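Remarks on the structure that follows.
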Amino acid sequence: MSNVTTGTDWTSVNWQKVNKTVTNLRQRIYRAAKQSDLKRVRSLQRLMLRSYSNRLLAVRRVTQLNAGKNTPGVDKLTIKTSEARGKLTDDLRKYEIWKAQPVLRVYIPKANGKKRPLGIPVMTDRAIQSMVKNALEPFGNPSLRDQVTVSDQGEAAMTRLRQYSILQKVIPEAKENMS
């Protein structure tokens, strides 16, 4: 028997294919949510959480793309080498999502001179959060998202709130008409 390691070779990852796979899964989740097929949504979300491409993209996001990539958590660990990124990707396969590690509590100054607490999670928890975000974000609320074309997130949130309040008024009226 030869000593062959089956770890992730970070330098040979086809990022175009990884992005395409994750985007395709996100679109499938969105379409299923739009059709109100919750069984398929849950199935696709489960598939996304187990997806190797999603793990790769999550590790890439937290170790290379994010502004906080050099900020260590409680474990004082930052991931800077390709080998370490590959190992983290492989380790995430066995990681239990519901068992988060403690966060590093740092106090940052506010404009009024006081300080507010900021929790900095460890790298593995950041990667898990990114994976879960990819699975949950497309589900959102497709019926409201189609109508929002504002680029400013603040205005988009206000638009959603207005639409939600309109729905709150319309739904009881529809229930009355049905009975």
Selection from region 67-98 of residues more than 17 Å from VAL132 (Cβ to Cβ) and among the acidic types (Asp, Glu) yields ASP75, GLU83, ASP90
Note on PRO117: of the conditions (1) over 27 Å from LEU47 (Cβ atoms); (2) in a loop (DSSP other than H, G, I, E, B), unmet is (2)
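Criterion first (part of a loop (DSSP other than H, G, I, E, B) and of a type outside the set (Ser, Thr, Tyr)) does LYS99 satisfy it?
On the way: part of a loop (DSSP other than H, G, I, E, B): yes; of a type outside the set (Ser, Thr, Tyr): yes.
Yes: the conditions hold for LYS99.
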Scanning for something farther than 29 Å from ARG26 by Cα, out of contact with any helix residue (DSSP H, G or I) (no Cβ under 8 Å at 6 or more places or on another chain) and hydroxyl-bearing (Ser, Thr, Tyr), does region 59-75 turn up at least one residue?
no
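Does GLU96 qualify as being acidic (Asp, Glu) and at pLDDT 90 or above?
Spelling it out, it is not the case that GLU96 is acidic (Asp, Glu) and at pLDDT 90 or above.
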Flagged in region 92-125 as surrounded by 13 or more Cβ atoms within 10 Å (Cβ to Cβ) and of a type in the set (A, V, I, L, M), in numbering order, are LEU92, ALA100, VAL103, LEU104, ILE120, VAL122, MET123
Per the filter on region 36-66, residues at pLDDT below 90, over 19 Å from ILE128 (Cα atoms) and either part of a helix (DSSP H, G or I) or not hydroxyl-bearing (Ser, Thr, Tyr) (or both) are ASP37, LEU38
Quiz item: Condition test on VAL22, is it touching a Lys or Arg at 6+ places or on another chain (Cβ under 6 Å), in contact (Cβ under 8 Å) with a residue 40 or more places away in the chain and either among the β-branched types (Val, Ile, Thr) or surrounded by fewer than 16 Cβ atoms within 10 Å (Cβ to Cβ) (or both)?
Solution: no
Residue set ASN14, ASN70; condition without any contact (Cβ under 8 Å) to a residue 12 or more places away in the chain and surrounded by 11 or more Cβ atoms within 10 Å (Cβ to Cβ); output residue ASN14
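The values are calculated or read from the model by the stated rules, or taken from the named source; none is laboratory data. Here the structure is a predicted model, which is why all the values come from computation and not from measurement. Cβ atoms come from the backbone with ideal geometry, glycine included; neighbour counts cover every protein chain shown.
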